[in-house]
1. Between Thr442 and Thr122, how high is the FRET efficiency from 1/(1 + (r/R0)^6) when r is the Cβ-Cβ distance and R₀ = 51 Å? Nearest 0.05.
2. What FRET efficiency do you get for Glu181 and Asn394 if R0 is 30 Å and r is their Cβ-Cβ distance, rounded to the nearest 0.05?
3. Which one of Cys221, Val237, Ala297 has its Cα pushed farthest toward the positive end of the charge dipole of the stretch 189-300, where Lys and Arg give +1 and Asp and Glu give -1 at the Cβ?
4. Over the stretch 306-636, what portion of Cα pair distances is larger than 38 Å, expressed as a whole percent?
5. How long is the gain from Lys582 to Arg314 if the chain were fully straight, where each residue apart is worth 0.36 nm and the alpha carbon distance is subtracted?
6. For the chain, find the longest principal axis of its Cα atoms and tell me its angle to the long axis of helix 536-550, 0 to 90°, nearest 10.
7. For a quick check: sort Ser320, Ser482 by the number of other beta carbons within 10 angstrom, fewest at the front.
8. What full-extension length gain, to one decimal in nm, is calculated for Glu137 and Asp611 as 0.36 nm per residue of separation minus the Cα-Cα distance?
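Just so you know, all these numbers are worked out from the coordinates, no wet-lab data involved. Nothing here was measured: the structure is a model prediction, and the numbers come from that model. A quick note on method: Cβ atoms are made from the backbone with ideal geometry, for glycine too, and the neighbour counts reach across all protein chains shown.
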Amino acid sequence: MKWNAKWIKPVQEHQDIAPVFSREFRVKKELKHAELKCTVLGVYEARLNGNRIGDFYMAPGWTAYNHRLQVQSYDVTSLIKEENHLTILIGKGWYRNPLADWARKYQKEMMKFPAACTAVLTLTYLDGSQEIIETDEQWTCADSQVLFSELYDGEIVDGRVIPVYDHKVELFDGPTHTLIEQEGEEIREMEILHPMRLIVTPKQEVVLDFGQNLTGLVEVCVDAHENDVIDLSFAEVLDKDGNFYTENYRGAKAMYRYICHEGKQTHHPKLTFWGFRYVRVNEFPGTVSMDQFKAIAIYSNMKQTGHIETSNSRLNQLFSNVLWGQKGNFVDVPTDCPQRDERLGWTGDAQVFVKTACLNYDVETFFMKWLNDLSAHQHEDGYVPHVVPDVLQNPHASTAWGDAAVICPWEVYLAYGNPQVLENQFESMCKWIDYMSTHTTTPYLWTGGTHYGDWLGLDAPSGSYKGSSSEDLIASAFYARSVELTIKAAEVLYKDASELKELYRKIKQTFQKTFTEYRTQTECVLAAHFKLAEDPQKAADHLAEKVRKAGHLETGFVGTPYLLHVLSDYGYSELAYDLLLKETYPSWLYPVTKGATTVWEHWDGIMANGDFWSADMNSFNHYAYGSVCDWIYTKAAGIQTKEEAPGYQKIRIAPIPDKRLDWLRVSVQTRAGVVESNWKKQEDMWRFDITVPTEAEIIINGKTMQVQKGTSCFFAPVSDKL
Ligand code: BGC
C-alpha cells in the first residue's frame, strides 16, 4: 500500500519496559471525520484521550513480517475533543518476542528491531479542509506501566506508574514496502467466563477453576493499597492429586504480576495472552474471592456457522471441545497450541483441521490471509515451511505439512464457493508440486524425504513420535493428492491442466506398482481415501480388519482425518460409529470421560491411571484430532456441497444414522442459507427432517430424491442398512 508516514522509535533504550508513544494536538475547527491508520513492530494498544481505539487485541496481528505487515484503520471521530492526547503502547508481540528455542536463529534478526511505530491521523473538517498528524520527531515517549511482556512468559505491570512523556523519539528507517491494509479478521475479546470453583489444593495453593480451557486473559478487580501485589500462574490441568500442573508449558513461564496503586482498580494485561483453565493465585491483597476474577477469551473474530447436537452428551461435549480448540488456536494464525513455548502456525495441523474449521466457523477471511503468508514464506523452489509465519526455517519440507499449500485453499474454496482463494494460491500450489517432483529419489513418487510421518500415530515404535506408516508411502500419497486437487483448481480457474493430469496418471501408476501392501491403518486409509490403491475397496476391507483386530484406532495426524470416511464410504458405517462412540482409551470420547474441555494433542494426554503421557509434548488444546467433526457434519448428518457447485450452491444430503444415537441435529449456516439435517428414532422408524436453502439431492436408504428449498420429512425402517 502507499505509505508516506515516517517510522519513529524511542531515542533511549527501554529494555523490557513497553514504551508508550504520545502526541498531543488541538482541534480548532468543526470536525467532520477523523481516521487513524497505524502499525508497529510488535503489538500495540492505541488510545485517544484515554479511550481504547478499536477492538483489535494484539494488533497488527501476525504475518510474514519481512514481506507483509498489516496497517489498521480506525474511525476515531467520536473520540476527538478540542484538546487531544493520542498514545500508542507497544509490546514485543510476535515481531520481537523470543519464540521457540529452536526458532532463535531466525528470530535474532527480528529481536534486534526497536519498538517502532508509524501512524497517520487524518482530520477532515466540515469546511472540507484536512489536517494530517503523522509520526515524527514532535512525538514523545514514556516508560509505560508494562514492565515486561512476552508471549510465552506473560506480563508484569506496575499500576503505580504514571507515564511521563518526556523521552525523545527519533526517525527510524522502518519498513514501508511491506505494509499492507488489514487483511485478516481482528483478534478480539470475544467471551467472558467466570470462575466456577475456588480450590485449595493438597499443596495448599489457591486455585481458580474457570471450567473451560481457553485462550485469553484474566481480569482482576481489587481494592488495594499501594505496593500490594497480585501474582498469578496459569495451567490447563491439575495433576492426579489435584495439584496445579505446569510442566507441560515447558519453557513458557505463563505468569502475570501486577503491582497495585492505592484504591479500587481493575486490570488485565494488554500485550499478551495465555492458554489456561486454572489460575493459581500466588500473591493477593486480602482474601481471594471468585467475583474479583474474570477470564476473557480472545480469538479471531469469526462467526460460528456449524452446530452439532445429539442424544449422546459425551459426543456433545466433544463438539464443544472442538469449538473451543478452534477458538483457542485461531488467534490470527492457526496454531498448534496456545499455551507452551510453541504456539506456532504449524501447516500440518492446519491442513488436518481445515475442513472442520470451515464448517464450524466462517473462516474464509482468516485462511485467505494466512495462505497469503504461506505463499510469502514459500521458497522459490516451492518449499513450504513447517510453520507459517516461518520462524523455524527448517531445511527440508515435510509431506502432509507442506500440502497445506494445496489442501487448505481447496477446502476453503469448497466451503465458501469463492474461487478467489484458488486464484490467490494457484501459483503456490504449482510450486509445491514442483518441489515434490524435484526433491525425490524416485520419479513420480516422493521418496527419500525427511518428514514428520504419521505424527503421534499410536503404532509408533517405542520412543518415537512418528507412527509406523511408511514415510515414502505417505509422501507419495500426498504428492498424488496435491496434484489431484491442483488439477481441480486449474479447471475451476479455466487453466490448462493437461500436464498435471499426465503427472497424476504417472504418480498413480507408479504408486500402484510400488506400494502393493498396506501395513498400517493409516496406509490403508490413504490408499483408499485418495483412491490410489488398485482396489480401494480392498484397502478399506483391510482397514476394517485392522481396526477390528486392534479394537481401536491407531492413526496419527495423517490418517485420523480420513479414517471414519473410509470406513463409512466402503460399507463399514457401524465400525465408524464404534470408533466415534468408544469411550475407553484410545478414542475421541476418552478425554471427555477424563473431563477434557478442549481436544488433546495425545490420545492419552492423561492416562487411565491419572498419570500424564509426558511433560514434553502434552498439550491439552491441540485441535488436530478435532477433525473428526467433519465426518459428523458430512457423513453422520450427511451434509455435503457438490464439488461442481461449491459453497452449497448445490447440496447433497446423505445421512447415516446409528441405533446407538436416538437423535442427531446438525446445521450449517452456508453462504447459500441454512442447511439442516436432523434424524431421530421414532419407534422402529428413522425420521429425517431436512432443511435446505436451495434445490437438493437427498439420499436415504439407497434412494435418491430431489427436493425443493424448504423442509422435507422422510421415514425409513430402523433395521435397514442406510
Ligand atoms: C507441534 C505439532 C506439529 C509438530 C510437527 C509439534 O511440536 O505441536 O502439532 O505439527 O510439532 O511435527
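1. The value I calculate is 0.30.
2. 0.45
3. Val237
4. 8 percent
5. Numbers: separation 268, 0.36 × 268 = 96.48 nm, distance 1.03 nm.
Between Lys582 and Arg314, full extension yields 95.5 nm more.
6. That helix lies at roughly 80 degrees to the long axis.
7. The most exposed by this proxy come first: Ser320, Ser482.
8. Separation in residues times 0.36 nm, less the Cα-Cα distance, equals 164.8 nm.
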